[in-house]
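Read the structure below first, then the notes.
The values are calculated or read from the model by the stated rules, or taken from the named source; none is laboratory data. Just so it is clear, the model here is predicted, and its values are computed rather than measured. Cβ placement follows ideal geometry from the backbone for every residue including glycine, while neighbour counts extend to all protein chains displayed. For the accessible areas, the whole protein counts, side chains as well, though only heavy atoms, and no ligand, DNA or RNA atoms are used. Shrake-Rupley method; radii C 1.70, N 1.55, O 1.52, S 1.80 Å.
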Amino acid sequence: MTAVSLVQGDITRQSVDAIVNAANSSLLGGGGVDGAIHRHGGPEILDACRALRASHYGKGLAVGQAVATTAGRLDARWVIHTVGPVWSVEEDRSARLASCYRESLRVADELGAATVAFPAVSTGVYGWPLDDGARIALETVRDADTAVAEVRFVLFDETAYAAFAGRLHG
Ligand code: AR6
């Protein structure tokens, strides 16, 4: 059984085996969670991302996929980078958002990570409505076949925390 917990705060301050990054396909950094992870984790993470781009991920990481690197100076062993879909009103991209959580947990299992911290993927710059993002995150983790013992959702502000808490406890 995977325990699901919610924390309001900054994901870069968590002590876990793996911290999930809401990255973009370039893997070369950006704003939001991605910016914070590279800022606090230091240049080792970007070096590892560049190495991925130079090897198996020449075209970058596809939406819904996940890949791990070192966590640099973060209090974690790995960062698992995943790329969420940009919200669209014309097209239902929910399956791709669910895939981010599932693939991140699959990578976590491969690594042997027991504790994993997730942000609310796609709900910032990528514009996904928080309540629906919370639903997909919680349902996907609940239904995942994983050996991860604890999934911790780290929500940046009160609104995001409330959206997840309403779904988890409501
Ligand atoms: N800790 C926890 N949550 C955070 C933090 C933090 N330090 N900072 C922001 N959030 P976003 P996306 C919340 O924009 O929507 C980047 O430029 C934020 O409030 O980080 O998947 C990438 O390079 C929101 O609820 O990720 C991509 O280009 C959630 O984390 C693009 O943004 C996700 O917001 C990805 O956009």
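Structure data summary
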item: Unmet criterion (only one of (1) touching a Ser or Thr at 6+ places or on another chain (Cβ under 8 Å); (2) assigned to a helix (DSSP H, G or I); (3) within 12 Å of the ligand (Cβ to nearest atom); (4) farther than 17 Å from Thr123 by Cβ) for Leu74; result: (2)
item: Any hit, the stretch 81-90, residues being in contact with a strand residue (DSSP E or B) (Cβ under 8 Å, 6 or more places away or on another chain) and β-branched (Val, Ile, Thr); result: yes
item: Top-ranked residue of the stretch 29-69 - restricted to ones that are open to solvent by less than 60 Å² (accessible area, probe 1.4 Å) and either part of a strand (DSSP E or B) or among the basic types (Lys, Arg) (or both), ranked as nearest to the ligand (Cβ to nearest atom); result: Ala66
item: Any hit, the stretch 3-18, residues being more than 9 Å from the ligand (Cβ to nearest atom), more than 16 Å from Leu105 (Cβ to Cβ) and crowded, with 17+ Cβ neighbours inside 10 Å; result: yes
item: Residue in the stretch 101-118 that is open to solvent by less than 30 Å² (accessible area, probe 1.4 Å) and touching a Gly at 6+ places or on another chain (Cβ under 9 Å) present; result: no
item: Matching residues, the stretch 139-164, being open to solvent by less than 20 Å² (accessible area, probe 1.4 Å) and either within 15 Å of the ligand (Cβ to nearest atom) or part of a helix (DSSP H, G or I) (or both); result: Thr140, Val141, Val151, Phe153, Val154, Leu155, Ala160, Ala163, Phe164
